[in-house]
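Laboratory data are not the source of any read-out in this text; all were calculated from the coordinates shown. Computed from a predicted structure; not experimentally measured. A quick note on method: Cβ atoms are made from the backbone with ideal geometry, for glycine too, and the neighbour counts reach across all protein chains shown.
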Amino acid sequence: MGGLSNIKKILLLTYGCNLDHSNINYLVKDRLSPFEIEWGNIPKNVDGKRNVLFQYDVYDANIENNNKVSDIYFHQYLISENHLNAFEYSLSKLNKGMNTCCHLDARGHIEIEIDHIEYSARTLIPIDKKTIIILLDEEAEANAFIRSQLHLLPAELQYLIVDYKLSYDEQKFKMKRWIQQILLMCK
Amino acid sequence: MGKEVTKRIGNEVEAKVIPKFKDAAEEAGKKYTYKSSKGPTVSGGNGINQGEHIISLQDNAGDYIRFHVNLNSSRNTSTWHWHLRDDNFQWHYGQIQLKHNSLPKWGD
């Protein structure tokens, strides 16, 4: 029987630009939906192989496409590691975007100011804790314009990956330089 | 939250969310010295932040605990959580999910 003690908590993030949302939504419905659980409520009487508390999250640099998948994050599933690997493999066959397993509860925030204007981003931490993925969000008011232009920018500016070992101030410094580059490109 | 939102989910928030938020605030208060708070008011729109931020508690160095809520695009599922300065606000704590009818804007 499954128990809380051996549960792994994983969030799989797919990120990129103009992702294959039709197939992503199909895979979520077909492969994950049957294994959805009530949020935060891990059933006691389940197959012990279903030991991964799983969430899926999708980030598309094209905000119009992102709106199609923004609800995916609000579901939790209980699956086996083989199931997770198979799901990840299916996503990889779509050949669009990157797929990274992250810590389930590591969905943080980082804010910086440029010329007294606040910009914000959310952060995710891959399982290996070697990097932090920083994605422009829609929290700060000033984000609205640059977020809407993100898909028009070079791929290397659509997200930021920094070393996990950086201090918070160093992360902010890197983010500030990143946003400054985006602002320059958006002019 | 606003009168209309309170009418719709106020009781559930009071029962399921507020006790956990209070406990978290008290626990954080053992480590940090509360000085002030920063609520959801903003200059634009209806005057209330439509993002995740609800309220943060601050000491002399700024926020030490931030209470947030995520709302899905259909506005019928909300996930309430908090972040701590201890880990640079990178981890979610709490993660209480409520399902409800579609909500109007925060503050309405």
Restricting attention to the range A:33-60, the residues that are aliphatic (A, V, I, L, M), in contact with a helix residue (DSSP H, G or I) (Cβ under 7 Å, 6 or more places away or on another chain) and under 19 Å from A:CYS102 (Cα atoms) number exactly 2
Note on the range B:37-64: residues over 25 Å from B:TRP91 (Cβ atoms) and either facing chain A (nearest Cβ under 10 Å) or under 11 Å from the mean Cα position of the chain (by Cα) (or both) are B:VAL42, B:SER43, B:GLY44, B:GLY45
The residue that is farthest from the chain's Cα centre (by Cα), considering only those in the range A:118-134 that are surrounded by fewer than 20 Cβ atoms within 10 Å (Cβ to Cβ) and either within 13 Å of chain B (Cβ to nearest Cβ) or of a type in the set (Gly, Ala, Ser) (or both), is A:GLU118
Check your understanding: Yes or no: A:ASP115 more than 13 Å from chain B (Cβ to nearest Cβ) and in contact (Cβ under 8 Å) with a residue 40 or more places away in the chain?
Key -> no
Would you confirm whether or not the range B:76-93 contains a residue that is touching a Lys or Arg at 6+ places or on another chain (Cβ under 9 Å), of a type in the set (Lys, Arg) and either within 13 Å of chain A (Cβ to nearest Cβ) or part of a helix (DSSP H, G or I) (or both)?
yes
Against the definition (surrounded by fewer than 17 Cβ atoms within 10 Å (Cβ to Cβ) and in contact with a Gly (Cβ under 7 Å, 6 or more places away or on another chain)), how does B:ASN46 come out, yes or no?
yes
Of those in the range A:137-154 that are assigned to a helix (DSSP H, G or I) and without any contact (Cβ under 8 Å) to a residue 40 or more places away in the chain, the residue surrounded by the fewest Cβ atoms within 10 Å (Cβ to Cβ) is A:ALA144
Across the range A:50-104, the tally of residues that are within 27 Å of B:ASN76 (Cα to Cα), over 16 Å from the mean Cα position of the chain (by Cα) and not in a strand (DSSP E or B) stands at 1
**Request:** Return a yes/no flag: does the range A:95-102 have any residue that is under 26 Å from B:VAL69 (Cβ atoms), out of contact with any Cys (no Cβ under 6 Å at 6 or more places or on another chain) and within 14 Å of chain B (Cβ to nearest Cβ).
**Result:** yes
Note to self: Looking at the range B:5-27, can you tell me whether even one residue there is among the hydrophobic types (A, V, I, L, M, F, W, C), touching a residue at least 40 places away in the same chain (Cβ under 8 Å), within 17 Å of A:SER120 (Cβ to Cβ) and within 14 Å of chain A (Cβ to nearest Cβ)?
What the structure shows: no
The correct count of residues that are more than 26 Å from A:ASP137 (Cβ to Cβ), out of contact with any strand residue (DSSP E or B) (no Cβ under 7 Å at 6 or more places or on another chain) and either surrounded by 12 or more Cβ atoms within 10 Å (Cβ to Cβ) or polar (S, T, N, Q) (or both) in the range B:28-43 is 2
Taking the range A:155-187 and the residues there that are touching a residue at least 60 places away in the same chain (Cβ under 8 Å) and among the basic types (Lys, Arg), the one that is surrounded by the most Cβ atoms within 10 Å (Cβ to Cβ) would be A:LYS172
